[in-house]
Amino acid sequence: MANILLTQQCVRSCPYCFAKQHMDDSEAQQRISWEDLIYIADLFEVDRSNHLSLLGGEPTLHPDYVDFVLYLAERKFHVTTFTCGIMSPKRLEEAVTHLKQLDDKQYNFVCNLNHPDMSTDKETERIEAFMKEFGQQTTLSFNIFHLDFDMQYLVDYITKFNLVPHIRLGLAHPIPGENNKIIHPKDFDTMVERLESFMPQMIENNVSVGFDCGFAMCNFTDAQLGKFLRLARSGDGRSIKFVCNPALDIGPDMTVWSCFPLSRYHKKSIYEFNSVQEILEYYRDFHKKVREEQTGIFKECADCHFKECGLCAGGCLAHILNKTEVMPAGQGGAR
Amino acid sequence: MKQKPGKEKMIVVQDGSGLEKKITKKTLVVQVDTIEKAVPAFGKWSSENRVFCVVVHEEKPLAEIELSEELKIIPLALFLKEGGAPKTVIEKSREFREANITLYLPAHNPENFTLLQILASLDVACGVYLENEAKPVNWDSMNDLMYYAAYSPANHARVEPFDYAVSNYDPQEYLCFTTPWFENPRRFFYMDENENIALSRKKMEEGDFVATGISSFDSLDDNEKYKEHLTMWTNQFIDNQRCASCPAWRVCGGAFVSICESNPNYFQFFNDLLEAAEQNRVKQEQDTEWRL
């Protein structure tokens, strides 16, 4: 699986945006071409991968967005679109007319939903118009970037628009050298406690959660772990993970990198590789080399049994590269 | 140059020419001007002959083509003027895939190269054609499409005329690059309603015939005018024309000399096509050795 950036333009300007560095370094007007999309699809088809994600910026801004989804679905890829849900009425109508002809299993949306206070009325109106049409195909994504976050509105949206009863939880990652809003590792315990406080609403509404990369296992008590595991498995049976792997982002200029926060590191042309496996090996090797220097975001990661046996990656690599202060246990570090 | 065995000679006829009652036991290519006429034409002409293919010269864009179940079972070559919206073409690709069809789009429109790549990657057999030599062609785009057709490791349908050139290339034999367009003086013989025989569609339109009469078709190999035409290529070498020193002649055959002189990318395209054909030949030989 890889993330293809269809365009670098975005309709939002989120304070935590971890794509910021890449976007600042790139031409906003750049859009992926048909020829390049076909090249990527070929590369992944040869690798027998059957899942591709479309990202941006805001991927639905690409004039050929709907055509791309139809095309990839016709090639038997499952297509996930990462969107903020803000589409022009014309684009939404186009998506409704054509994407609803597809089998539900061929595509889905992950909608990154900020708190309503961060959106204008018009933006909220458009998000809701999108959810009204594609609610059953949409999973909410929530990026935690401050400690007094609210999740109730997510549960409300899920209920109101009959969305997939699952929330993908992301941590706002640091961009090494930049000052985007993030949760500092010393605050991870507090963040987990806040997260836990929303569990009753989620259980009541049968909403499960899944962790995106960057969470560290040791920030959860055994009791919290048990609760989150039960909540995760009550959904589609998935388990919770504490991973940090190369995600493979591919830009419209056909450069590839490990993930957005690491877009400054080892960005390569996709044409330098002969296969998806070669790309993955290259970035796994990069991850491995960094982690040989510093195992994880906490001091304790070096001797962690769970890290050793692969249950936890030791937090986000961007934190390590950002030269995050390594904290001892009991001071906001590992429990 | 020798000709590969098994390359059957065919008469290319226009539906409505009235020849269907006169021609029997021949292999035919039947031309029609709209897709709606393809099924009736196939039925009519195949009662006394074998119809190799129905060629449709269609004015409608590809996106507007509807394929009935009857159309899907007859061999079709659809020469179109334009493609239309990619979205619609993608949505119809399953229909095209199910049919025994090759879709051709003209080379002068750059958007067609993209659409052809989309079609091929969706496993729909397709091709590019030169609608009119006077219309400029982006030979770089042609080359990109050829590279995709010849080298992409992913599963895709054939893209003509590249697939034909690459898979039929033999350094010891004459290769007619235009064969997938039903233009090959060794295989396709255009016959009008007066039974005049020409060696291409253009020559028929210009009234440049090599023989007349259905009976003369079987004795064409003894026809002096025809034999002279087949050896015309030697003049390029006798007169030491540009083609005489061109390595790409093996795949181009001097088919478009006028374009070649005015566009250096044309030469590059055929040079790269030759390289693709050579690589394929070597690979085929290696595969054969390995099997032995």
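The values are calculated or read from the model by the stated rules, or taken from the named source; none is laboratory data. From a predicted model like this one, the values you see are computed outputs, not experimental measurements. Neighbour counts run over all protein chains shown; Cβ positions are idealised from the backbone, glycine included. Calculation scope for accessible area: heavy atoms of the full protein, side chains included, ligands and nucleic acids excluded. Shrake-Rupley method; radii C 1.70, N 1.55, O 1.52, S 1.80 Å.
Between B:Ile73 and B:Asn194, the modelled labels are 4.0 nm apart [label points 7 Å from Cα along Cα→Cβ]. In the protein assembly as shown, taking the dipole from charged Cβ atoms about the Cα centre, the farthest positive-side position among B:His108, B:Leu76, A:Gly57 is held by A:Gly57.
Ordering B:Ala134, A:Leu169, B:Ser216 by the projection of their Cα atoms onto the charge dipole of the protein assembly as shown, which places +1 on the Cβ of Lys and Arg and -1 on the Cβ of Asp and Glu, puts A:Leu169 at the extreme positive end. Simple rule: put +1 on each Lys or Arg Cβ and -1 on each Asp or Glu Cβ in the protein assembly as shown, find the dipole, and look at A:Ala2, B:His156, B:Val39; the Cα lying farthest toward the positive end is A:Ala2. Counting only Cβ charges, +1 for Lys and Arg and -1 for Asp and Glu, the dipole size of the protein assembly as shown around its Cα centre is about 1140 debye. Helical runs assigned H by DSSP (4 residues or longer) give chain A a calculated mean residue ellipticity at 222 nm of -10500 deg cm²/dmol, each run adding -39500 (n - 2.57) before division by the residue total. About its Cα centre, the dipole of the stretch A:141-243 is roughly 320 debye, where the only charges are +1 on Lys and Arg Cβ and -1 on Asp and Glu Cβ.
Normalising by residue count, the stretch A:62-177 has a Cα convex hull of 131 Å³ per residue. Set the Cα radius of gyration of the protein assembly as shown against 2.2 N^0.38 Å, with N its number of residues, and you get 1.22. Between B:Glu111 and A:Thr97, how high is the FRET efficiency from 1/(1 + (r/R0)^6) when r is the Cβ-Cβ distance and R₀ = 25 Å? Nearest 0.05. With a Förster radius of 25 Å, E is 0.65. Let me know the shape class of the stretch B:1-158, please: from the alpha-carbon gyration tensor, a ≥ b ≥ c as square roots of the eigenvalues, rounded when a/c is under 1.5, otherwise prolate if a/b is greater than b/c, or oblate. Cα axes put the stretch B:1-158 in the prolate bin.
If you sort the three axes of the alpha carbon gyration tensor as a ≥ b ≥ c, you get a/c of 1.5 or more for chain A and a/b no higher than b/c, which makes it oblate. Loop sites by DSSP among the chymotrypsin sites (Phe, Trp or Tyr not before Pro) of chain B, restricted to those with at most 16 other Cβ atoms within 10 angstrom, leave B:1-173 as the longest stretch without any of them. Calculated [222 nm] ellipticity per residue, helices only, for chain B: -11500 deg cm²/dmol; basis is -39500 (n - 2.57) per DSSP H run with n ≥ 4, divided by all residues, nearest 500. Which shape class applies to the stretch A:1-102: rounded if a/c is under 1.5, otherwise prolate when a/b exceeds b/c and oblate if not, where a ≥ b ≥ c are the square roots of the Cα gyration tensor eigenvalues? It comes out oblate by the Cα gyration axes.
Tell me, what % of the accessible area of the stretch B:44-188 is carbon and sulfur with a 1.4 angstrom probe?
Carbon with sulfur: 45 percent of the solvent-accessible area.
From the P(r) of chain B, can you give the percent of Cα pairs sitting at distances over 30 Å? Cα-Cα pairs in chain B separated by more than 30 Å: 34 percent. Between B:Lys202 and A:Tyr271, the distance separating the two model label sites (each 7 Å from Cα on the Cα→Cβ line) works out to 3.4 nm. Given the protein assembly as shown, what percent of its DSSP beta bridges are antiparallel, to the nearest 5? Among the beta bridges of the protein assembly as shown, antiparallel pairing accounts for roughly 15 percent. With a 1.4 Å probe rolled over the protein heavy atoms of all chains, the accessible area of B:Val124, B:Val39 falls in the order B:Val39, B:Val124, largest first. Stretched out straight at 0.36 nm per residue, the stretch from A:His305 to A:His146 would grow longer than its current Cα-Cα span by 54.3 nm. Amide H to amide H distances under 5 Å link A:Ile175 with A:Asn180, where only residues 5 or more positions off or on other chains count and H is placed in the peptide plane.
For A:Arg126, A:Arg264, give me the order by solvent-accessible area with a 1.4 Å probe, most accessible first, ignoring ligands, DNA and RNA.
A:Arg264, A:Arg126
Across the cross-link table entries B:Lys9/B:Lys81; B:Lys37/B:Lys227; B:Lys26/B:Lys72; B:Lys21/B:Lys92; A:Lys105/A:Lys181; B:Lys227/B:Lys283, which are compared at the Cα atoms, the separations over 31 Å belong to B:Lys37/B:Lys227; B:Lys21/B:Lys92; A:Lys105/A:Lys181; B:Lys227/B:Lys283. Each Lys and Arg contributes +1 and each Asp and Glu -1, all at the Cβ; summed about the Cα centre of the stretch A:1-145, the dipole is approximately 260 debye.
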